[in-house]
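Engineer: Here it is, the structure, as structure tokens.
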Amino acid sequence: MGRRPDRNRDRTMTSEALNTTELLQVALDAAGMGSWELYLSTGAIHRTLRHDQMFGYEEMQPFWDLEMTIDHIVEEDQPLVRRAFSEAKIDGSIDVEARVRRSAGGETRWVHVSGRTFYIDGTAMRIVGLIADVTHRRAVEERLRLAQKIEALGQLTGGVAHDFNNLLQVISGGLQVVARQSDPQRRERIFASMRQAVDRGASLCRQLLAFSRRQSLKPEAVNLKRLIGEMGELLNRGLRSDVQIQTAFADELWPAEVDPGELELVILNLALNARDAMPNGGRIDVSARNCPALADHDLDGDFVRLDIADSGVGMSPEILVHAFEPFFTTKEVGSGSGLGLAHAHGFAKASGGVVRIASTPGRGTLVSLFLPRTLKVPTLGPHLMSLASDHATSAGQVLVVEDDDEVAALTVEMINQLGYDTTRVASAEAALGALADRRSVDIVFSDIMMPGRMNGVELAQEIRRRRPDMPVLLTSGYAEGVRRNAAAQQIKIIPKPYRIDELRDALAAVRQDARESVREH
């Protein structure tokens, strides 16, 4: 005879399973998380009420699938989320953060989606995971990042001011001496020194503006050797004369996929930390090398290791365990916020890597960033415009729009030396008036920041509306704030200060673009 079913035992197991499920749901609700289960064969998603509430719905929706999830994601983040779900079929897990636009009122919130893939006979069948609102955490991280940036800029101020005073002295002294110098060779040496001073000042300005911008950059392929090399001027401004910095990079170093602006901030702050750990001077070594096929509890795959080591006082084990805690610092009050290492830790984790630290009292500290390798090819850097390689082949009439009389006088002189004739006006409104008079104008060259109701970008848009074939070139000493707007409108910008050869090529480029546009239409 077969054994009779133990119904009491079955009921007990069912009750325990229900209790476990209920307890899990209570825990998720308390943590503010929703659960979901994606069936890959159909795309349908089985989920909890809290999941739908994340997207702005008070009640459970009749149906939900992956496309509905994507539709609620902010358009700029949709490719990232699609790629994460697609890669989860192969990688076995998903871990992504993105912005969602909620159905009620269109409010934008940050969500963190994580999950695990389940397979049958090697085929991915479903992905099970959680969704959590991380808007508050992202806001705190942004405030932490800005606080760290402000602290770093404050520490740079003295060095930057000293450097700019030196550059101004070169230019001021050169202008006074060159008028008294009749020897052509000596005059050329003076001019060369002045040009070099202008180039150094312009380079430092561009780095400071890029460093201080608030908008987040997307992770991209970064050449670490090039990025750190371009930071040389900025790093030197923040270090004392008794602190030397040396770099070493492995041959055929892989590119890393990180946010270059954030990486610059991390490197700068780690260098400042190293400087402060060497009150009597010392050396900072910055190096990078490839780390293939790493596999431990934190890392899995190919990484690029970036080391920043100092010969400073080091840290004891008791202090080292607190190194990554926000606001933990051994510096005197007013000498630092203790955010540098905490920011490095957050940056590395958000980039898909880790940061590790080793320190010995009296011997120094080593901070190692493990950054994910990418197979993408790094770009040469942000370019405000594509410069034409050919010189201007024929002169024309340039309408110069500039409110500063001294800048306008020099600009007109430079353009005249390039073979163009010029007409100068001081406002966007005056420029539109000149064009309305049907004056002979071949190119409009305008500053962006001007008094009046219309800036340079708005002027270019209005000119394009009235005279679509008119080439327009803009310039600004602070081009970063308007670059995206101008780029969206396909308006060319040349940043101040510019050399005469750069202006020549820029004018030729916008003129050529206008000709090609006319041919296309």
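The values are calculated or read from the model by the stated rules, or taken from the named source; none is laboratory data. Predicted model, so just to flag it, every value in this text is computed and none were measured. Cβ placement follows ideal geometry from the backbone for every residue including glycine, while neighbour counts extend to all protein chains displayed. Surface areas here come from the heavy atoms of the whole protein model, side chains and all, with no ligands, DNA or RNA. Shrake-Rupley method; radii C 1.70, N 1.55, O 1.52, S 1.80 Å.
Engineer: Determine which member of the set 242, 276, 259, 251 is modelled with pLDDT of 85 or more and over 24 Å from residue 219 (Cα atoms).
Structural biologist: Going through 242, 276, 259, 251 in turn, just one is modelled with pLDDT of 85 or more and over 24 Å from residue 219 (Cα atoms): 276.
Engineer: So, one more: When you look at residue 275, is it closer than 28 Å to residue 142 by Cβ, in contact (Cβ under 8 Å) with a residue 60 or more places away in the chain, open to solvent by 20 Å² or more (accessible area, probe 1.4 Å) and in contact with a strand residue (DSSP E or B) (Cβ under 6 Å, 6 or more places away or on another chain), yes or no?
Structural biologist: Criteria not met by residue 275.
Engineer: When residues of segment 70-114 are filtered for being under 18 Å from residue 51 (Cβ atoms), touching a Ser or Thr at 6+ places or on another chain (Cβ under 7 Å) and open to solvent by 20 Å² or more (accessible area, probe 1.4 Å), how many remain?
Structural biologist: Total meeting the criteria: 5.
Engineer: Name every residue in segment 287-319 that is open to solvent by 40 Å² or more (accessible area, probe 1.4 Å) and on the phi > 0 side of the Ramachandran plot, in order of residue number.
Structural biologist: 293
Engineer: How many of the residues in segment 491-512 are out of contact with any Pro (no Cβ under 7 Å at 6 or more places or on another chain), under 19 Å from residue 396 (Cα atoms), touching a residue at least 24 places away in the same chain (Cβ under 8 Å) and not aliphatic (A, V, I, L, M)?
Structural biologist: Matching residues across segment 491-512 total 5.
Engineer: Search segment 174-203 for residues being among the polar types (S, T, N, Q) and within 22 Å of residue 502 (Cβ to Cβ), and hand back the single one that is most open to solvent (accessible area, probe 1.4 Å).
Structural biologist: 196
Engineer: Out of everything in segment 45-69 that is within 36 Å of the chain's Cα centre (by Cα) and over 19 Å from residue 133 (Cα atoms), what residue ends up being most open to solvent (accessible area, probe 1.4 Å)?
Structural biologist: Here the residue is 67.
Engineer: Suppose we keep only residues that are open to solvent by 50 Å² or more (accessible area, probe 1.4 Å) and in contact (Cβ under 8 Å) with a residue 12 or more places away in the chain within segment 246-272. Which one would you say is farthest from residue 231 (Cα to Cα)?
Structural biologist: 252
Engineer: Spot the failing condition for residue 97; the list is (1) over 27 Å from residue 343 (Cα atoms); (2) modelled with pLDDT of 90 or more, and only one is missed.
Structural biologist: Unmet condition: (1).
Engineer: List pairs: first in segment 64-79 and under 17 Å from residue 37 (Cβ atoms), second of a type in the set (Ser, Thr, Tyr) and open to solvent by 50 Å² or more (accessible area, probe 1.4 Å), Cβ under 7 Å, 6+ apart or cross-chain?
Structural biologist: Listed pairs, sorted by first residue: none to list.
Engineer: Please go through segment 491-500 and give me each residue that is modelled with pLDDT of 80 or more and open to solvent by 60 Å² or more (accessible area, probe 1.4 Å), ordered by number.
Structural biologist: 500, the sole residue that qualifies.
Engineer: May I ask you to say which residue of 459, 473 is modelled with pLDDT of 85 or more and touching a Phe, Trp or Tyr at 6+ places or on another chain (Cβ under 7 Å)?
Structural biologist: 473 is the lone residue from the list that is modelled with pLDDT of 85 or more and touching a Phe, Trp or Tyr at 6+ places or on another chain (Cβ under 7 Å).
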